[in-house]
Amino acid sequence: MERSLNNGLCPECDAHWIDGQLYWSNGKEGCPHDLAGLVCNQIFKYNHSGGVKCINPCMGSDSGQTWKHRTDLNNDNN
Ligand SMILES: [Zn+2]
């Protein structure tokens with residue numbers, strides 16, 4: 001389920017939202033689905049204690065870029 005997020009800072013990945021636009025920790029504009037696939041889902045995967053405080057509304061999504069996606073691209077070079 002996606003909920004709208006207008007302004008906030010994710011304490012896990014340092015991404016922030018301003019007026020609904022996601023910015024990576026380095027200040028570049030981004031897509032929350034990419035953030036989820038590349039960062040938030042990894043944090044969640046390795047932290048099973050339930051202490052993940054990620055605020056990305058798209059956490060758990062794999063419709064953006066993921067590490068698997070990148071690995072598949074690399075494998076195409078064979
Ligand atoms: Zn996050």
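None of the figures in this text is laboratory data; all of them are computed from the coordinates on show. Being a predicted model, the structure only gives us computed values, none of them experimental. Note that each Cβ is placed from the backbone with ideal geometry, even for glycine, and that neighbours are counted across all protein chains shown.
Numbers at a glance
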quantity: Whole-angstrom Cα spans of region 8-77 along principal axes, big to small; calculated: 39, 30, 19
quantity: Dipole of region 9-56 [Lys/Arg +1, Asp/Glu -1 at C-beta], most positive-end residue of GLY37, LEU9, GLY20; calculated: GLY37
quantity: Peptide ranges 58-67, 30-39, 11-20 listed from the most packed, as the mean C-beta count within 10 angstrom indicates; calculated: 30-39, 58-67, 11-20
quantity: Partners for LYS28 among lysines (Cα-Cα distance below 23 Å; same-chain residues under 8 apart left out); calculated: LYS53, LYS68
